[in-house]
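Undergrad: I'd like to ask you about the structure that follows.
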Amino acid sequence: MRISAIQMNPGAEKQQNIAQARELIQGALTDGRPRIIALPEMWSCLGGDQATKFREAEALPPPGSNETGGAAYEFLREVARTNGIHVHGGSIAERAGDRLYNTTLVFDPEGREIGRYRKIHLFDIVTPDGQGYRESAVFKGGGEIATFQAHDTTFGLAICYDIRFPELFLALRRAGAEVIFVPAAFTLQTGRDHWEVLLRARAIETQSWIVAPACWGQHRDASGAARQSYGHSLICDPWGLVTARASDGIGWVTARADRNLTERVRRDMPVLAHRKLA
């Protein structure tokens with residue numbers, strides 16, 4: 001099946017981000033004819049102060065309901081239904097009382113929500129250049145792994161900083177995942193050294209396809225200071241080889257995820273059966 005990963009340069013204004021996403025998705029559909037489109041982390045609102053994050057966040061309908069959601073939710077649903085494809089919505093800010101969740105949504109070709117995942121591991125770190133990030137100041141972490149079914153395949157869900165925790169990816173593999181999505185807004189400082197090697201490592205360990213749509217370029221944080229996202233969206237196979245990679249700038253990459261390759265790699269090197277420790 002063909003999968004496209006969209007690379008965006010979002011800011012804090014949702015409607016501008018939706019317009020950018022719409023244009024890029026249409027380009028990917030025309031160019032690559034994918035059956036699944038995936039967006040990056042926090043594509044609907046990246047940066048801005050706390051008031052902006054809450055204003056642009058959305059209270060989500062109950063999973064599986066027909067209730068109308070917010071602008072980003074309905075945009076994702078519309079793209080899926082109009083084009084007859086599955087849409088992995090990267091992640092958006094989900095409003096839940098006085099806190100937010102960093103939440104992935106997945107829609108089937110009829111526009112029905114079939115997957116939802118709240119980011120478990122929150123990005124509270126200091127980068128090598130001294131910039132501090134404290135995701136937990138605004139967001140609350142999730143507590144459950146999530147998968148969904150499409151095209152006779154099980155897909156696993158993760159978000160950005162989750163990539164540093166291999167136990168999550170092992171849990172997704174044990175839950176049957178053959179393809180794992182990792183939408184991200186990786187920092188430039190950590191991305192240059194760790195982005196590709198971590199994604200390829202998780203692919204090799206789980207013998208799964210990894211699809212990692214990313215934010216690229218500059219946005220502004222709560223103080224107005226510039227933050228840089230690394231980009232370099234990529235797709236790699238269960239052997240850990242990169243099959244598609246974006247350069248700098250907005251755009252997309254498309255690759256064909258071959259289930260036969262997944263089955264062959266897992267058959268010839270049955271690492272899950274060989275595991276001795278949890």
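Undergrad: Among 182, 197, which is under 24 Å from residue 129 (Cβ atoms), among the hydrophobic types (A, V, I, L, M, F, W, C) and surrounded by fewer than 18 Cβ atoms within 10 Å (Cβ to Cβ)?
TA: After applying the criteria, what remains is 197.
Undergrad: Next question. Considering only residues of segment 138-181 that are of a type in the set (Asp, Glu) and closer than 19 Å to residue 256 by Cα, which is farthest from the chain's Cα centre (by Cα)?
TA: Result: 152.
Undergrad: So, in segment 66-118, exactly how many residues are touching a residue at least 40 places away in the same chain (Cβ under 8 Å) and either in a strand (DSSP E or B) or touching a Phe, Trp or Tyr at 6+ places or on another chain (Cβ under 6 Å) (or both)?
TA: Adding up the residues that qualify gives 20.
Undergrad: Give the residue, chosen from 90, 143, 156, 176, that is touching a strand residue (DSSP E or B) at 6+ places or on another chain (Cβ under 7 Å), surrounded by fewer than 17 Cβ atoms within 10 Å (Cβ to Cβ) and within 30 Å of residue 271 (Cα to Cα).
TA: 176
Undergrad: Going by the structure shown, is residue 196 closer than 17 Å to residue 252 by Cα and in a helix (DSSP H, G or I)?
TA: yes
Undergrad: Let me confirm something: among 40, 63, 10, which residue is part of a loop (DSSP other than H, G, I, E, B) and loosely packed, with under 15 Cβ neighbours inside 10 Å?
TA: Just a single option satisfies the conditions, and that option is 63.
Undergrad: Spot the failing condition for residue 5; the list is (1) out of contact with any helix residue (DSSP H, G or I) (no Cβ under 8 Å at 6 or more places or on another chain); (2) surrounded by 24 or more Cβ atoms within 10 Å (Cβ to Cβ); (3) outside any strand (DSSP E or B), and only one is missed.
TA: (3) is the only condition that residue 5 fails.
Undergrad: Sticking with this structure for a sec: Which one is surrounded by the fewest Cβ atoms within 10 Å (Cβ to Cβ) among residues in segment 43-60 that are hydrophobic (A, V, I, L, M, F, W, C) and under 20 Å from the mean Cα position of the chain (by Cα)?
TA: 59
Undergrad: For segment 250-278, which positions are part of a loop (DSSP other than H, G, I, E, B) and under 18 Å from the mean Cα position of the chain (by Cα)?
TA: If the condition is that a residue be part of a loop (DSSP other than H, G, I, E, B) and under 18 Å from the mean Cα position of the chain (by Cα), then 250, 257 are the ones that fit.
Undergrad: Considering only segment 13-37, state which residues are farther than 15 Å from residue 91 by Cα, of a type in the set (Val, Ile, Thr) and part of a helix (DSSP H, G or I).
TA: If the condition is that a residue be farther than 15 Å from residue 91 by Cα, of a type in the set (Val, Ile, Thr) and part of a helix (DSSP H, G or I), then 25, 30 are the ones that fit.
Undergrad: Tell me whether segment 181-189 contains one or more residues that are at negative phi, among the hydrophobic types (A, V, I, L, M, F, W, C) and assigned to a strand (DSSP E or B).
TA: Looking through segment 181-189, at least one residue is at negative phi, among the hydrophobic types (A, V, I, L, M, F, W, C) and assigned to a strand (DSSP E or B).
Undergrad: A further question on this structure: Given the conditions (1) within 17 Å of the chain's Cα centre (by Cα); (2) more than 17 Å from residue 159 (Cα to Cα); (3) among the aliphatic types (A, V, I, L, M), which single one is not true for residue 87?
TA: Among (1) within 17 Å of the chain's Cα centre (by Cα); (2) more than 17 Å from residue 159 (Cα to Cα); (3) among the aliphatic types (A, V, I, L, M), the lone unmet condition for residue 87 is (2).
Where a number appears in this text, it was derived from the coordinates with a stated rule and is not lab data. Since the structure is predicted, the reported quantities are computational estimates derived from the model, not experimental observations. In this analysis, Cβ positions are derived from the backbone assuming ideal geometry, glycine residues included, and neighbour counts consider all displayed protein chains.
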